[in-house]
Amino acid sequence: MDQRREESRRSRLAQFTLDNALDFVYWINEDGRFVYGNYSGMKLLGMESETDNLMIMDVVPSMTAAQWKRAWDNTKQKKTWKVEFEVPIQGQKPVPIEAIQSYLQFDGREYVCGIARDQSERIKNRKELMESQQRLELAIEGAREGIWDWDIPTGKLHINEYIAEMLGYD
């Protein structure tokens, strides 16, 4: 009896973990119908209800049934792969998504199981970093400052053209 109770507790804990994961966890069947989507996914999609009758084409309107079939076959063949796409959210700009999808069989049924993450913050941070690097490069160039960097573990020395000029190298 204690073993069954422990198995039940673990099963409930696993379901609770999936339901409350920060990333969008989902299962889709071969027809493109969502079998499961957690709370984070529904929030990301701007939906408040369960995934009942939700199709992949509802989430990614640019995807046709034929494209889903190719994606299903690709996932089934590769077993696991990464995919990037945008999800249009009503009244907002599309949300860039990165998903890792795996093909699974369970109880005689086939699924694509995915874990998706909103990439908006990562993309914003990358853009800000690139802009900051460009500003630094312009400031160094404008001031004609010599810059060097020694990577001690690798022994590599990085110098810019101005320090090379200052040291008499052409």
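Quick notes on this one:
- Highest average first, the peptides 144-155, 111-122, 12-23 ordered by how many other beta carbon atoms sit within 10 Å of their residues are 111-122, 12-23, 144-155.
- With every protein chain in place, segment 1-52: carbon and sulfur % of accessible area (1.4 Å): 51 percent
- Fraction in percent of alpha-carbon pairs per bin - 5 Å, the chain: 1, 7, 11, 15, 13, 9, 7, 6, 6, 8, 7, 5, 3, 1, 1, 0, 0
- Using alpha-carbon coordinates, inclination of helix 2-20 to the longest axis of the chain, degrees: 50 degrees
- Solvent-accessible area per residue in the chain equals 75 Å², computed with a 1.4 angstrom probe and all protein chains kept.
- For segment 5-29 and segment 118-170, distance of Cα centres in Å: 46 Å
- In plain terms, the chain from Lys78 to Thr64 could stretch by 3.0 nm, reckoned as 0.36 nm per residue minus the Cα-Cα distance.
- For segment 32-81, the Cα-based Rg and Dmax, in that order, read 12.0, 33 Å.
- Gaussian network model of the chain, Cα within-10 Å springs - most flexible of Ala71, Ala99, Ala139: Ala139
- To the nearest ten degrees, helix 120-143 and the longest principal axis of the Cα atoms of the chain are 0 degrees apart.
- Most positive-pole-ward Cα, Ser40, Ser132, Thr17, against dipole of the chain from beta carbon charges: Thr17
- Gained length - Phe106 relative to Ile163, 0.36 nm times residue gap less alpha-carbon distance: 14.2 nm
- Seen from all directions on average, segment 105-170 presents a Cα convex hull projection of 9.2 nm².
- Relative contact order of the chain: 15 percent, from C-alpha pairs under 8 Å at least 6 residues apart in sequence.
- Full extension of the chain between Asn125 and Glu30 yields a length gain of 30.6 nm, computed as 0.36 nm times the residue separation minus the alpha carbon distance.
- Relative contact order of segment 12-72, defined on C-alpha pairs under 8 angstrom at six or more residues apart (%): 26 percent
The values are calculated or read from the model by the stated rules, or taken from the named source; none is laboratory data. The shown structure was predicted, so the numbers you read here are calculated from the model rather than taken from an experiment. No Cβ is skipped: glycine too gets one built from the backbone with ideal geometry, and neighbour counts run over all protein chains shown. Side chains included, ligands, DNA and RNA excluded: accessible areas come from the protein's heavy atoms. Shrake-Rupley method; radii C 1.70, N 1.55, O 1.52, S 1.80 Å.
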